[in-house]
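*Asks:* Take a look at the following structure, please.
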Amino acid sequence: MWTYDKRLQYPVKISQPNPQMAQVIITQFGGPDGELAASMRYLSQRYSMPYKETSALLTDIGTEELAHMEMICAIVHQLTRNLTPEEIVASGFDKYYVDHTTGLWPQAAGGFPFNACVFQSKGDPITDLTEDMAAEQKARTTYDNILRLIKDPEICDPIRFLRQREVVHFQRFGEGLRIVQDHLDSKNFYAFNPAFDKVNVQKNCSK
Amino acid sequence: MNAEHAKLMNQIYQTGFALDEAILFLDTHPCDQEALQYYETMQECYWKLVKEHELRFGPLTAKSVVLSDGAPGSCDQCRRNAWSWVNDPWPWEGGMC
């Protein structure tokens, strides 16, 4: 189960609305490398992790991603406060506004909806952790792309925090992958899937 | 939010983040004695600050609402206990920053 803390993981205080930037940043809510996909990826994958360290890691990073999703939503919410219809049209926010007003809906910057096909839960620890490392790098690149477009320091600050977390998570997943490999046969990591195969592979191989 | 509340929240943000970092590090280094000691130090600071927040400024979780006379969140009209968990502003509205 989960408990909600009535605070963000890192403060978001944006005074100037910017609906144009909101349409870009919303991609880290519902886009292909966004925080919702990250959280669902890790929280789905943890059930087939055969080692305690990696089960813990996926639980804790999956939980932190929910907090990142909340930060992204807070940023988008604060960037779309108190808009006039004229500002909505001028900024190009009208296409989002007509379907959602200024409510939060998980979509990519290009407008397509959140889709579970942007992540995998493959039931194989090496496969899943390798995907997780790539996912953190893809999210880091997305934040780098966002940072090139932002001038307002009040938006930059929480986005920089989120970018840093991608780098830390990449490091931790790398260590998780190493832990998995240390449990396996160093001559062939792929001899069996520790999340599925019950056979004594060493005995089979020595035949 | 007054200056004292903001200062306390800032300390909660800092120690909370220190714990977030320590937790992930310990997941992949469960025997690191230095990290364990760091976790313990930050854990003590964090819960002390959270407890202070709950007594002076209101709850941070729905399971830790303080109900006593004069507790934060008492009803403005009747001055009696009220369910302070629902009080604005929520974090995305700039509350608790």
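*Asks:* So A:LYS203 passes all but one of these: (1) at pLDDT below 95; (2) not in a helix (DSSP H, G or I). Which condition number does it fail?
*Replies:* For A:LYS203, the failing item is (2).
*Asks:* Continuing with this model, one more query. Take the stretch A:137-156 and flag every residue that is in a helix (DSSP H, G or I) and either on the phi > 0 side of the Ramachandran plot or in contact (Cβ under 8 Å) with a residue 60 or more places away in the chain (or both). Even if it seems obvious, please write down each step before you answer.
*Replies:* From the stretch A:137-156, those in a helix (DSSP H, G or I) are A:137-149, A:153-156; that's our starting set.
Passing the criteria: A:LYS138, A:ALA139, A:THR141, A:THR142, A:TYR143, A:ILE146, A:LEU149, A:GLU154, A:ILE155.
*Asks:* Report yes if some residue within the stretch B:30-43 is modelled with pLDDT of 90 or more, part of a helix (DSSP H, G or I) and at the interface with another protein chain (Cβ under 10 Å from one of its Cβ atoms); otherwise report no. Reasoning before the result, please.
*Replies:* Initial filter on the stretch B:30-43 (modelled with pLDDT of 90 or more): B:30-43.
Checking which are part of a helix (DSSP H, G or I) leaves us with B:33-43.
From the residues that got through so far, the ones that are at the interface with another protein chain (Cβ under 10 Å from one of its Cβ atoms) too are none.
Among the residues of the stretch B:30-43, not one is modelled with pLDDT of 90 or more, part of a helix (DSSP H, G or I) and at the interface with another protein chain (Cβ under 10 Å from one of its Cβ atoms), which makes the answer no.
*Asks:* Something else now. Checking the condition in contact with a Ser or Thr (Cβ under 9 Å, 6 or more places away or on another chain) and polar (S, T, N, Q), which residue from A:THR59, A:THR84, A:THR63 passes?
*Replies:* Values: A:THR59 fails: in contact with a Ser or Thr (Cβ under 9 Å, 6 or more places away or on another chain); A:THR84 fails: in contact with a Ser or Thr (Cβ under 9 Å, 6 or more places away or on another chain).
Result of the check over A:THR59, A:THR84, A:THR63: A:THR63.
The values are calculated or read from the model by the stated rules, or taken from the named source; none is laboratory data. Note that the structure is predicted; figures quoted are calculated from it, not measured. Every residue, glycine as well, gets a Cβ built from its backbone with ideal geometry; the counts of neighbours run over all protein chains shown.
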